[in-house]
Each structure stands twice: as structure tokens, then as C-alpha cells.
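What follows is one structure encoded as C-alpha cells, with my remarks underneath.
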Amino acid sequence: MTGCRVRIEPVTGWRDRRTYTLLPYRLHGNEPDWVPPLRMDEWRNFSSRNLATRYCDHARWLARDERGRPIGRIAAIINRRYNELRNEHWGRFAELECPDDPDVAGMLLDAACDWVRARGMTSVIGPQAWSDQDPEGFLIDGFQERTSIATYQNPAYIPLLMDRLGWEKHNDYVVYKVPVPEVLPRAYQVVQRRLRGSAFEVVEFARRSELKPYIRPVLRLMNECFAGVIEGYAPLDDEEIDDLARRYLPIIDPRFVKAVRDGKGLAAFVIAMPDMTAGLKKSGGRLLPTGWWHLLRAPRHAKRLDLLLGGIRPDVRGRGVDVLMGSAFMATARAAGFEYLDSHHELESNRGIRAEMEAMGGVVYKRFRIYRKEL
């Protein structure tokens, strides 16, 4: 295949939107290691139900071969809220799918870059979508490992194409595999003893009714911890916070949410979820008619916990709050029979959190890269 026989077309009507959304399932559905994302989330992604579309400009394209068959796709996004907060002029590309062909990949990336440039942006980074809560970064190492939710599942040739097309490294993320210990490290035990009787109190949950009053405070603390600090993160407004609370409270296992509070209120939180990939694979990404059953059963057989979110209030960092929360979390994970944690993305340059992962015996077993191009 060569680029001269391929045409790039903007996504316009409902037929194009359907083709764009379902393309990964058609391309990868028969691959034994591919885990289909939940289809209802994929349909929602570029619809008005995604509240980020209120402050993000976006466009999408399909690549078609000489017979009109879809063979690739890409999206471009400009997060105006993030750019204003950080005083940046960045565009983003996301959801790149293409064959192992530099011509096709280049044509799709050029479409995104041209669209972003026409709107006054000076750089493009990606893959990165609406926020850092969406899948970001191409997998560059760890292809033999099972994927986790909210991460890209790109073929191994994609990073090679990016390098060949002249895109540069912007950031790398590392993912740790952290064993669930029988006994906490000595350093953790020392900090636990030192903090006995302190103002910090670990909050644990057994039922969703107990967790519900904490969901919105947790998401507001996420804004306080991440906004202006975590690259790619745009602070959520109250409507988005309520939307996230409604969507995720029904599927969160309250045992794997831990919080710490003090006299000022919520001081820290961590949220994890049992590995759901086996259920997604069996369901084909569908909830109906029987997909919900596979997703419901998946956690019963999972041996891995996926860390999703965590944060510590800036004024209490370095005071052992992470140890208190982490100790309670590990105890619950051990009691539930989990063998290890997937840390999700940690910035390669974040030495503090990396040191904590390694102190718990964690080893890097996946790497992801965000690329950048100056316009």
C-alpha cells in the first residue's frame, strides 16, 4: 500500500461517525491480545454527552483505500481551557489507527497538524485526548504485558513510524508492577508508628452508600492537586464533577477507595479498580445482551488491581499521608487476594512517586511516549 492510493476525508455525517468509532473493532477484533474498549464510552467520546466538548475544539478524519474501505483514522483536539491555564498554544492528536505504512500515517498526522495550525496553534502533541484521564501516549515497551483500562493499545510499529516521520519525544511515562506484600516494608512501619495519634485519619468504605458523600470532595481535591501541575490536565467544573460522580460511582468497588482526612477536610485519596480486561474481551466491549455479566464476573478472577487516580493535598505532602493511605490500601488488596498493582502512568521525571513505587518493590514493566511536533 502507498499513500498515493489513499485519500483522507473529514468525518461528517452519521455514517462516517459510525465508521470512525467502530474501526478499531474491525481492525483488531480478531487479535487475541486486543482488549475492546467499552463501546458506549466510545460512542459518547465525541458527542455532546462528553462535557469537555464545550471547551475543546475537535475534528476527525478517516483514511480510505482506493476501494473506499476505511484503513485508518485520527482526531485533533484543542483544549482551550488547558491552553489558557498554562498559556500554551498546543493542539493534540488522538486515536490514531493506521497500517504499517509511513505514507498513510503521515497523511493522517498531516491532516491533524494542518487543522491545528489553521487555528493558531504552534505545537502538536500526542497521542493525548481531552484530558490526562483519557488514554495518552503510545506504548513503546511492554507489548508482551496485558493492557489495562484507559491506555493505548497500539501495534509495535506505530512508535517506529512516529520516529521515521520526524516526531520527537515530548514525555515518557513509566508503569510499575508493584507486588502486594505480605508484610509492609520497614520504612512504612516506622512512619505508621510515628503518625499514631496524629490529626490524620484513614477513611475506608465497605458500601457505596458510605462512599457517595466523598465522591465530589475527591474530585474537587483532584482539581486542587492536578490543575496547573499535571501536564494535559484541565480542571473540572462542578457540572463535570457531578457527571463523573454519576458515571463512576455505580462501577467502583468501595473497598479499593481510600481517603485520609484531617482538621481541614479531605487530605488525600486513591482509587483503584480490579483488572476488567478479561470481561471486556469476552463481552466484545458491549454491555448488552450479556456483556454486563462478563464485566460483573471479571473482578472475581482478577489478580491485578489497576490504580486509576490518587492525590495528596499540597500542604500535607511529605508528612507520611501516603504511607498511611498506602498501608490501608495494601492490606485490603492482600485480603482480597490480589497479587500485584498496575501503577498506571507515572511521569518518567517524577522521582518522588517513582521512589515510592520502588520502595514497595515495584519494577517498570511498561513505557508510554507522548510525541511532539513544532508547526
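The values are calculated or read from the model by the stated rules, or taken from the named source; none is laboratory data. Every value quoted in this text rests on a predicted model; they were computed, and no experiment measured them. All Cβ positions, even for glycine, are placed from backbone atoms using ideal geometry, and neighbour counts span all protein chains on display.
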Subject >> Options Asn171, Asn154; residue that is in contact with an Asp or Glu (Cβ under 8 Å, 6 or more places away or on another chain) and under 24 Å from Leu375 (Cβ atoms) >> reply: Asn171
Subject >> Sole residue being in the same structural domain as Phe200 (by TED's automatic domain parsing), modelled with pLDDT under 90, polar (S, T, N, Q) and over 22 Å from Val218 (Cβ atoms), chosen from Thr277, Thr290 >> reply: Thr290
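Yes/no per residue for (1) modelled with pLDDT of 95 or more; (2) in a strand (DSSP E or B); (3) assigned by TED's automatic domain parsing to the domain that holds Arg17:
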| position | (1), (2), (3) |
| --- | --- |
| Arg73 | yes, yes, yes |
| Ile77 | yes, yes, yes |
| Leu85 | no, no, yes |
| Leu96 | yes, yes, yes |
| Gly106 | yes, no, yes |
| Ala111 | yes, no, yes |
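This table checks each residue for (1) farther than 21 Å from Val321 by Cα; (2) among the small types (Gly, Ala, Ser).
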{"residue": "Lys212", "(1), (2)": "yes, no"}
{"residue": "Pro217", "(1), (2)": "no, no"}
{"residue": "Ala227", "(1), (2)": "no, yes"}
{"residue": "Ile230", "(1), (2)": "no, no"}
{"residue": "Ala234", "(1), (2)": "yes, yes"}
{"residue": "Met276", "(1), (2)": "yes, no"}
{"residue": "Leu280", "(1), (2)": "yes, no"}
{"residue": "Trp293", "(1), (2)": "yes, no"}
{"residue": "His301", "(1), (2)": "yes, no"}
Original post:
Exactly one of (1) modelled with pLDDT of 90 or more; (2) within 18 Å of the chain's Cα centre (by Cα); (3) not assigned by TED's automatic domain parsing to the domain that holds Lys212 is unmet by Gly362. Its number?
Top reply: (2)
Original post:
With Leu287, Leu266 as the choices, which residue is surrounded by fewer than 18 Cβ atoms within 10 Å (Cβ to Cβ) and in contact (Cβ under 8 Å) with a residue 24 or more places away in the chain?
Top reply: Leu287
Subject >> Filter result for the condition that a residue is touching a residue at least 24 places away in the same chain (Cβ under 8 Å), in a strand (DSSP E or B), closer than 28 Å to Leu295 by Cβ and not assigned by TED's automatic domain parsing to the domain that holds Trp292, over Arg60, Arg92 >> reply: Arg60
Subject >> Residue match in segment 345-354 (condition: modelled with pLDDT of 90 or more, assigned to a strand (DSSP E or B), of a type in the set (Ser, Thr, Tyr) and not assigned by TED's automatic domain parsing to the domain that holds Asp262) >> reply: no
**OP:** Name the one entry in Arg81, Arg86, Arg92, Arg64 that is surrounded by 15 or more Cβ atoms within 10 Å (Cβ to Cβ), basic (Lys, Arg) and closer than 28 Å to Gly142 by Cα.
**Re:** Arg92
Original post:
When only residues in segment 158-174 that are out of contact with any helix residue (DSSP H, G or I) (no Cβ under 9 Å at 6 or more places or on another chain) and surrounded by 15 or more Cβ atoms within 10 Å (Cβ to Cβ) count, which is nearest to Pro24 (Cα to Cα)?
Top reply: Pro159
**OP:** Can you tell me which residue among Leu280, Leu236, Leu309 is assigned to a helix (DSSP H, G or I), surrounded by 14 or more Cβ atoms within 10 Å (Cβ to Cβ) and at negative phi?
**Re:** Leu280
**OP:** Could you tell me which residue of segment 6-55 is nearest to Thr277 (Cα to Cα), considering only residues that are part of a helix (DSSP H, G or I) and either among the polar types (S, T, N, Q) or not assigned by TED's automatic domain parsing to the domain that holds Asp114 (or both)?
**Re:** Thr21
Original post:
Given the residues Arg246, Arg220, Arg255, Arg297, which is the only one that is free of Cβ contacts under 8 Å to residues at least 12 places away in the same chain and in a helix (DSSP H, G or I)?
Top reply: Arg246
